[in-house]
Structure formats: structure tokens, C-alpha cells
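See structure below.
The values are calculated or read from the model by the stated rules, or taken from the named source; none is laboratory data. Remember, it's a predicted structure, so these values are computed and weren't measured experimentally. Neighbour counts are summed over all protein chains in view; Cβ atoms, including those assigned to glycine, are modelled from backbone coordinates with ideal geometry. Areas reflect the complete protein model, heavy atoms only, side chains present, ligands, DNA and RNA absent. Shrake-Rupley method; radii C 1.70, N 1.55, O 1.52, S 1.80 Å.
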Amino acid sequence: MSLFSGSLDASRRYALVAVERGIERVGEDGAELLYEIPGVMEAEGAFQVGERVGVPLGKQKVGGVVVGVGGTELLGDIDPLKIRMIAKRTGAMLPGPLVELAKWIAGYYVCPLGMVLGTMVPSAVKREIGRREEVVLVRGDGAAPEKMASAVRALWEKVLVLSSEARTPIALKVELGESTLRGVNKLVKLGLLREEMREVIRSRGHVVHEQAFGGDKTVTLSEEQRGVVEGILADVGAGSERAGKFGVHLLYGVTGSGKTEVYLRLIRSMLMERADASAIVLVPEIALTPQASERFSQRFADLGVAVLHSGLSASRRHSEWARVASGEARVVVGARSAVFAPVPRLGLVVVDEEHDTSYKQDQLPRYHARDVAIKRAQIEGCAVVLGSATPSLESWANAGGERHSPQRHRATEKESEGERASEKGGAGRSKYRIWKLTKRVGGGELPRIKIVDMYQERQEARQLGLRDASVLPTLRRALHATLKEGSQAILLLNRRGFATYVGCAGGAACGWVLVCDRCDARMVLHRDASLKSGELVRCHHCLSECIVPRVCPNCSRGLVRLGAGTQRVEEELRPLMEDLSLGPEALIRVDRDTMRTAQDYFDALATFASGRARLMLGTQMIAKGLDFPGVRLVGVVSADTGLNLPDFRAGERTFQLISQVSGRAGRADSRGVVIIQTMEPQNPAIVLAAEHAFERFAATEIAARRQFGLPPAARMARVVCRDEKQALVRTRAVALAEWMRAWASRHGSGAGGVKVRGPAEPPVTRIADQFRLGIELVAPRAGLVQEALRAARAEGLVKSDAKTAVDVDPVNLM
């Protein structure tokens, strides 16, 4: 009971609001603030949990989301005279399950609740971009007068034939076949049509290239595909009272095996089963949305398809979000943030290329869209399908995939019934169900993969006069033959720029290297024709730029430019294209430097799909999920770019990248060729990728991770302390690590407890003038890591702010 209960007005209503600011109370996930609901607003309609409002906070007005509504029982010991009023009711609404999901994210990923809720609502929706009122015409209540000009009467009779829905005057004019509004205005004047105001969202820009990628094709399911579709539908209880059962299904299918068609069939079946349900399809990159949205839009034109990603114009993003919220669009396709689509009722979630690290957000809140999708499906009681040709080892372990690896099958003559059921979709002992597509659709074969030793290739290149070439003789000959026969090729180099090293030509005698003033990292050289010098250097961490000095500032010797990026390879390949009489448009480079906007991506991919471009060179954004039937050759310019990074996932990522880009070569009518250039031709990640041996790679890698106590054999969280003063950051990091160790020792820090590692300097110690030290928490179970973080948070030692970054289940340790 409130201390002020004797003077309270019981009719007053209050709302708990999570404001979109980094406000935390010690020991709590968020700081919900109490506001009074103005009577005039309440009269417009009762406030609901999930409603977005504007509220005063200090001298500012900020946005927030209502997370609780009630009467005087919410006051507690708060003086009602000190409670401020809600200032604005925006109209945007988050469904209840999304609010529940936000609370889980706030707790699990250590982030203020208001900031999580703020992330869920796009900025365009908050700012109401494109919202306007317009005049529409509806039929009036009166009857047509007996005396009316024949032309007007004929026009009115045409109106009566139309549906009764509201239309703008211009839209009605066009539908009636009139050249002017004169006749429509006469009907308004007679009272036969009545003007009303309607709120709409006007948007600019288009969502997808119509038929730019060949569109949707009617296909017959293979036996494997049919088995997967029928098995998943049976598991979720389609056609029975169990329809909508939660479950996680891992679809492991080789590249070209028809995973997308499985998604399409599942969505159609599930949404027909539940007439009010919607589906969300996540893709990892904006670059994948045009192909995906085109195919889904054509297949589900009757259900409505919305596309959500950061590349849309603000008004278009608002418009698409509103279509989803109203139920007008029942299928949502988008990148990471589409997991927060405000569908009224969720029926199915699909996470394509579930292994991709771009699903992990690298700023607050640091959520993983795949894991958030699983939690949302659990909250809403629906199935989630994770698809990949190279599943993350976390998902593979959760599905019990290692129990079905070829190595284990050779070690045991007979597997248990539980294991066999798990692989086929039965209960087994796994968290996820695993389904396999082992063959390419249409009888196509996986590409032939050849590994070439760059050391030997460079010796041959020097003999041919190609001293500094990045595309070496074997790959160069294959590329020439492929383009000459009229086919297409893709070259992957996961490194941007022209040169990765700029230093003194004197070498060790001088030792000068061009590094970033704000980061402990080398600058990367970029060619720029708009500059007088023709080049500049850029830091890929803080984005600082400067002009390249003419000579070494230490000894006045000349400079050397070493290492190759996509820009240098593009320059190297231009003469080859000219020798084949292919113009500049036949080669397109796809990386962050050339693709400034989402529209640039879409245009480049559409150009390649049309055949106008014959060679596509790019970074990892071209490696996954794209389907271009004309591609006969894929070349990996250097498979070693990420292999030797100081990150325990380096081998896994290399395997995935090589496997994914290899899958772009060939399809049903022609077997493709893949050539991998590497300095480590015996590295297991490269060798097994060349053999299409994911299951063997996964078994070996998981065994190694288990030996060293690393995910997926354990769970991890990483706390990075940051500060401009190196001594200060070390003091804070050491104090936090010591407190964590003391807590862990009190709660059992042995094999079954929390291990604290660090503080240790990350590979890049300083970024944007911030010195960094990392502390890792590792435990057998996620719950133990969460307990440790909650305890530190309750003491005020851990909070996500400018000085501390908390990353639960990190995918990048750099």
C-alpha cells in the first residue's frame, strides 16, 4: 500500500515506461519509469503494454514503450504529485510477445530494456516518416436525386458497380475512366460521395527488382525435399490440434540442394493451416534480399510480402513495417533486424545461412538474431527452421550432428535407436531436430575443387613475367577459358583495398610502417582517381583517412606497397578482360567500397544475373546464398586471409567461406570448377572443404574444442573494458577480473563452474583512441555464465556503456 493512499484519486491511471536511454538501476535489467496517463488520452482508448509513447525525462522529451499499466497499486512509496504526465501517444505498437522477448534480451545480453525496445522499432517508424493525411471519398448516405444530368447519372451508376472501399479522388477518377475531376466533384456536391480524412504512409523507392533474377519457378520436390517437408509438418502437428508446436529444426543441405524450396513449401502449408499467422524469413546480408524477396513475393502474392532491411528508404521502411503490423503482409523477408517484425501472430521462422556471423550485432544490444529467433518462436509457440550447407558448430552440436558423423559411424557398428531417430527427425536426445539434403536438385553434381599451392604457383608466375600477380597461372588460365566460352566466373578475396601494407623500402634497416594514429593497426591503401596523388590510406577500424607520404618520413627512402585487396585484383584483371574484347562493364567489384548503398548491391547483382557482367570479384558478401546458373568457375584468390587470425573459430570460418563460395559454381546442367589458391594446401579446413566433407570437419573441430573447453563444448561471455587512458582501463579490468574470480571460487570454479580468463589485450589493443582489455567467462552451461553476469551487474560492476562492452556468446574475439 502507498504511503499516500489516504489522498489518492483511485480513478487515475499510470503506466510503467521503459525509456529508450541507457538507464539502469543496480541489479536490474532496466529502469522502467512511472508516468501518469492523461485522462484525455485514456478516453481515446485504453493504454496497452507494447504501446510506444513520448515522455518527459529531465528537460528532454524521449521515446519509450509501455511495459505495464495499472492504477494506484503501481505507486508504491512514490508521491503522486511528483509523477509527470505522458506527453504523446505515437500509435506505434509492439505485440505482447515482442515485449516479453525484449525482457529476455535485456537480461541475457546485459542491456537496458529501453534500448532493446528502441532497437525493435525502426527509426523511420519513431519519426513517422511518410505519415500524412489525405482526402478519400466514400459513398454518402443519401439517395440520388430524381433530377440529375444524364452524364452525372451515368457516372454515378458506374460508381455503384465498384466496391464500396474508400478511394482518393484521383484514384476514383482513373478507375471511372474520366479525364478530369469535374464529374467526381459534382457527385460530392450532390452528397452522393462524402469526403473523409485517412491517415496513410507514403513511401518512395521500390523493394525488389521485378524479374531481375529469373523469378520463381514451379518445381517438383525431390524425394529428399518431400521427406523433409512432410517430416517437419508432422512434427509441428500440421493438420491436428497440435498445430503450432514449438521446435527447432536444423536443415543441413549441400549447396544447390533446394533448401529455399523447402522453406517455401513449409510457409505455404503453415500459413494455410493458421489463417491469422505470419512467417518471418531471415537472410544474413542485404545483398541476399533482392533474390529472396523476388522469389517469395511471386510465390506468396496472395498473402502479401514485406521486405525489411536497413537499405530501404525511411518512408519505405515505415510503410513495410506498418503493413506487417496490420497483417496486410503475412510473409516478412529481411536481414537481422527483421526478427523483430511486429507480426500479429507468428506461425513460422526461417533463418537461412544460420551459420553467418552477420546475424550477430556488434553494438548494443549485442544480440544474435538466430538465437533471438529461436527464443521468439518459443514464446509464440511456433517452429523455427535453421538452414545451411555449413551449419555453425553450435547448431550442429545442439542437433546431435556429431553423433552421426562418418568418423563415429566407423567407430561403432550400430547406433542406438535414439540417435537414429534424432537424425530422421525423431525425439532422440538433441535440442534440435536434424534434416539432411545430400543431393543437388535436378541431379547436379557438386563442383570439382582443385587446391593450388601459391608458393609453387608464384615460381611459375615469375617465369611468365607475372611477378606481383594475385591471380596465379592455374586460376588465370581457367578464368580465361571460362570467359572465352561465354560463361561467368566469381572470384573471392576477403580483403578490401589496394594494398594492406605501406612501409619504408629500407625494410628492417628503418622499420617505418604507416599505421593509424588512433588504432594499433596498419592503414590500408586505396586508389582514388579523384585525388591529385591518386591514392589514400584508410583505417578499416576507425575509418580515419590520410594522404600517403611521398617518401619515408624517417629516412626519406621510397615506399613499398605490399599485399593485395580487391581493388588491386580488379586492376590486375582489366588487361585480361581487354584481351577477350570484354568491356569495363563485364567486370564488377562487389565490396564495401563500391557498394555504398543497398541499391548499389541490388543493381550489381541484377547486372550479373542478366549476363551483362561476366566476372564478379568481391569479398565474403558474394559467397553465400546467391544463385547464378551461368557461373562455371569460382576462384578463391587467397584462402588464407582469415585462417591464421588469433580466434579459435578461424578454421571454422575458413571452411564455411570456401564451401559457400564453392557452391556458387555449377548447377543441374553443368558441373562447376573451383580453384583455391593457398599457402597452406595441407590445412584440414581447406582440404576438407575441397572434399565437401562438412561432417568430418565438424567432428574433428568439436573434439578439439571440447579438449580446450571452448564453444560449443562450453558457453562464453566476453567483457571488454575501454578507456582513453591505458592505466585506467587496466585498473578497472584487473579489479573486475579479481571480483569475478572471487565470485567463481565461492560458487565452485572447478570443472563444473565458471572459469575467468584475463584480463588480456585483444589482437587490436587500441581502436579509435580507446585502449581495450578483455575478460572471458567460460562455463559448461549458459546458466552459469548468466549467474556470474547477474551478480556483477547487481554490484554495478558490469553494465553496457561507453566504457564497458558485454558480449554474450561472442562470435569475434578480435
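Among the numbered conditions (1) assigned to a helix (DSSP H, G or I); (2) of a type outside the set (Lys, Arg); (3) touching a strand residue (DSSP E or B) at 6+ places or on another chain (Cβ under 6 Å); (4) surrounded by fewer than 24 Cβ atoms within 10 Å (Cβ to Cβ), the only one that residue 373 does not meet is (4). The criterion of being farther than 29 Å from residue 726 by Cα and either open to solvent by 40 Å² or more (accessible area, probe 1.4 Å) or not in a strand (DSSP E or B) (or both) holds for residue 555. So which pairs qualify, if the first residue must be in region 595-606 and outside any helix (DSSP H, G or I), the second must be surrounded by 15 or more Cβ atoms within 10 Å (Cβ to Cβ), the Cβ gap must be under 7 Å, and the two must be at least 6 apart or on different chains? As it stands, the answer is 595/601; 595/604; 597/311, since those pairs meet every condition given.
Would you call residue 198 assigned to a loop (DSSP other than H, G, I, E, B) and modelled with pLDDT under 85?
So residue 198 fails the test.
Restricting the search to region 463-488, which residues are assigned to a helix (DSSP H, G or I) and either modelled with pLDDT under 90 or farther than 17 Å from residue 564 by Cα (or both)?
Those that are assigned to a helix (DSSP H, G or I) and either modelled with pLDDT under 90 or farther than 17 Å from residue 564 by Cα (or both): 463, 474, 477, 478, 479, 480, 481, 482, 483, 484.
When both residues are 6+ apart or on different chains and their Cβ atoms are under 6 Å apart, which pairs have a first residue that lies in region 477-506 and is among the aromatic types (Phe, Trp, Tyr), and a second that is assigned to a loop (DSSP other than H, G, I, E, B)? Matching pairs, first to second residue: 498/565; 501/563. Residues in region 784-814 that are open to solvent by 40 Å² or more (accessible area, probe 1.4 Å) and more than 24 Å from the chain's Cα centre (by Cα) were compared, and the one that is farthest from residue 740 (Cα to Cα) is 803. Within the set 121, 152, the sole residue that is touching a residue at least 40 places away in the same chain (Cβ under 8 Å) and open to solvent by less than 50 Å² (accessible area, probe 1.4 Å) turns out to be 121. For residue 170, state whether it is part of a loop (DSSP other than H, G, I, E, B) and open to solvent by 30 Å² or more (accessible area, probe 1.4 Å). Spelling it out, it is not the case that residue 170 is part of a loop (DSSP other than H, G, I, E, B) and open to solvent by 30 Å² or more (accessible area, probe 1.4 Å).
The set of residues in region 445-462 being in a loop (DSSP other than H, G, I, E, B) and crowded, with 19+ Cβ neighbours inside 10 Å consists of 446, 447. Of the residues making up region 737-772, those that are of a type in the set (A, V, I, L, M, F, W, C), open to solvent by 30 Å² or more (accessible area, probe 1.4 Å) and over 30 Å from residue 521 (Cα atoms) are 739, 742, 751.
Give the residue, chosen from 646, 629, 584, that is under 22 Å from residue 357 (Cβ atoms) and open to solvent by 10 Å² or more (accessible area, probe 1.4 Å). Of the residues listed, the single one that is under 22 Å from residue 357 (Cβ atoms) and open to solvent by 10 Å² or more (accessible area, probe 1.4 Å) is 646.
Quick one: is residue 400 surrounded by fewer than 24 Cβ atoms within 10 Å (Cβ to Cβ), on the phi > 0 side of the Ramachandran plot and either modelled with pLDDT of 95 or more or not hydrophobic (A, V, I, L, M, F, W, C) (or both)?
Working: surrounded by fewer than 24 Cβ atoms within 10 Å (Cβ to Cβ): yes; on the phi > 0 side of the Ramachandran plot: yes; either modelled with pLDDT of 95 or more or not hydrophobic (A, V, I, L, M, F, W, C) (or both): yes.
So residue 400 fits the description; yes.
Filtering region 173-185 to residues that are in a helix (DSSP H, G or I) and surrounded by fewer than 16 Cβ atoms within 10 Å (Cβ to Cβ) leaves 174, 175, 182, 185.
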